[in-house]
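The structure appears below as structure tokens.
Bear in mind that the values in this text are calculations on the coordinates, not laboratory data. Quantities reported herein were computed from a predicted structural model and do not represent experimental measurements. Don't worry about glycine lacking a Cβ; one is built from the backbone with ideal geometry, like all the others, and counts go over all protein chains shown.
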Amino acid sequence: MSATIDLKKTTTRDLNSRLQNESAAPAGGTWQIANVRGHHSVAVGIDRPLTIEIDGNTGYFCAGMNHGAEITVKGSVGQGVAETMSAGKVHVTGDASMAAGASGRGGLLVIDGNAAARCGISMKGIDIVVKGDVGHLSAFMAQTGRLVVLGDAGEALGDSIYEARLYVRGAVASLGADCVEKPMNDEHKEELAELLSAAGVTDVPVEAFRRYGSARKLYHFNIDNAGAY
């Protein structure tokens, strides 16, 4: 099944209701969404393998709670793109505002441009590849998953991080509490190569990246580390 939905002629609520309805949008279908004009909450809560192409910039929470769809945004997105995503793929061809991939539990988020502050905040298994820069406090309280940044990272990268893995090609303004640089072993090079390939990056060697993760000093309160909390 293939169809085009024009947001000049229907509401975002009706769009999402249609895409969330399996009888109206059966698995395997392809959907084009036109005249988006910065609408919020476009293509949220999809729980089956659909292919969705969004033509234009979107507002807040685009592709939130995605669970299996492959969603491409031909433009930039507002705050919270792919928030709490658990499966599937979201591809943004432009830039992303703050909190991209927040609390994501699975799937792949690819941002061709830059991502603002708190990219990957509280990530819980999602993989995020940003081809540009990320803002301050990216991967704040990141629990599991991987964040790959081909550009630079802002201040306090990985603040209060748990077991997420961070790979940055460019400069890091500063590391947050309990985040440290770690060795790049063969295991990490292999997983980074897979992530780059999945994001369509074929011309950047894994050796150009540095890895960051938790020093594991803040898992349990210790008076000696009180200043870092």
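At a glance:
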| item | result |
| --- | --- |
| Student exercise, the range 2-228 dipole from Lys, Arg, Asp, Glu Cβ charges, in Debye to nearest 20 | 480 debye |
| Helix-only CD estimate at 222 nm, as mean residue ellipticity for the chain, using -39500 (n - 2.57) per DSSP H run (n ≥ 4) | -3000 deg cm²/dmol |
| Equivalent ellipsoid semi-axes - Cα gyration tensor, the range 9-133, angstrom | 21, 16, 11 |
| Environment charge at Ile111 (Cβ cut-off 9 Å; Lys +1, Arg +1, Asp -1, Glu -1) | -1 |
| Rounded to the nearest 20 debye, dipole of the range 46-170 from Cβ charges on Lys, Arg, Asp, Glu | 260 debye |
| Of Gly113, Met65, Phe140, farthest towards positive along the dipole that unit charges on Lys, Arg, Asp, Glu beta carbons give the range 2-228 | Met65 |
| Cα principal axis extents for the chain, largest first, Å | 60, 39, 26 |
| Low-density loop cleavage sites - GluC sites (Glu not before Pro) in the range 1-88, where at most 16 other Cβ are within 10 Å (DSSP) | Glu22 |
| Percentage relative contact order, the chain, counting C-alpha pairs under 8 Å, at least six apart | 10 percent |
| Built amide H within the under 5 Å cut-off of Val148, gap 5+ | Ile128, Val129, Val130, Tyr167 |
| Pairs of lysine residues in the chain - Cα separation under 21 Å, sequence separation of 8 or more or cross-chain | 10 |
